[in-house]
Amino acid sequence: LIIMGFLDKVKGFFIEDSGEVDERVREKIEVREKIDIDDVEGLLNGKREEIEGLMLGNKKGLHGELGLVIDKLEEDVEVLASVDLDEKSGGDKIKRFNELGREDYLESLNRFIEVLKDRGNDVVVIDEGLKKFVRSSNKSYSRVILLIGKEMESVVKDITSVSKIVDKFFKENSDLVARMERVDRLLKMNEERGEGEVRIEEVKKEIEECV
């Protein structure tokens, strides 16, 4: 009974989801009186593909805007890497401290640039990459600005541009992003349910909250 209640909620989720149901999914739900628990993953993946299709055009626009910033960030990397610390005022200890910070910062920045350049990444992955970059580079940033703070101004400006582009995308596509996150969460919970890591009641409760 618990499983059937869970499946009823899954069917309701697809039928009521913003009124934008893929007709193939609707037919699959309506034609069959009962949906086996093994069908849940396929239905959720179908919904994910539907949402991805709606977001595809917007995603291309996102990467188009980011492309301009990527070019600037790659220039920033070249500038930072070419700074001659021997020409900067400061003792040897400070310069060594600064050089270690620069190496760590450039490593984090290059990793983030690769995330931005991967056009397969959606806005959620990019946002996570941005947050990870900020966390991982925070300490090295404080070291780098000791001697090459002026050169870092351009990096900060370009990273801020990335943040603004991501924020704008989230605002303009908040409904689609929320639906995608909801489906991903249900997919994960369904997988965990299959592995016996969560009880079916927890999955049912999550779906009730979503619909």
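Structural remarks
- Segment 77-127, accessible surface, carbon-and-sulfur percent (1.4 angstrom probe): 49
- Convex hull per residue volume in Å³, alpha carbons only, for segment 83-155: 78
- Rounded, prolate or oblate (a/c below 1.5 giving rounded, otherwise prolate when a/b exceeds b/c) for segment 39-188 by Cα gyration tensor: prolate
- Of LYS60/LYS164; LYS72/LYS132; LYS95/LYS117; LYS88/LYS117, pairs whose Cα-Cα distance is over 24 Å: LYS95/LYS117; LYS88/LYS117
The values are calculated or read from the model by the stated rules, or taken from the named source; none is laboratory data. In this text the structure is predicted, and so the values were computed from the model without any measurement. Note: areas computed on protein heavy atoms with side chains; ligands, DNA, RNA excluded. Shrake-Rupley method; radii C 1.70, N 1.55, O 1.52, S 1.80 Å.
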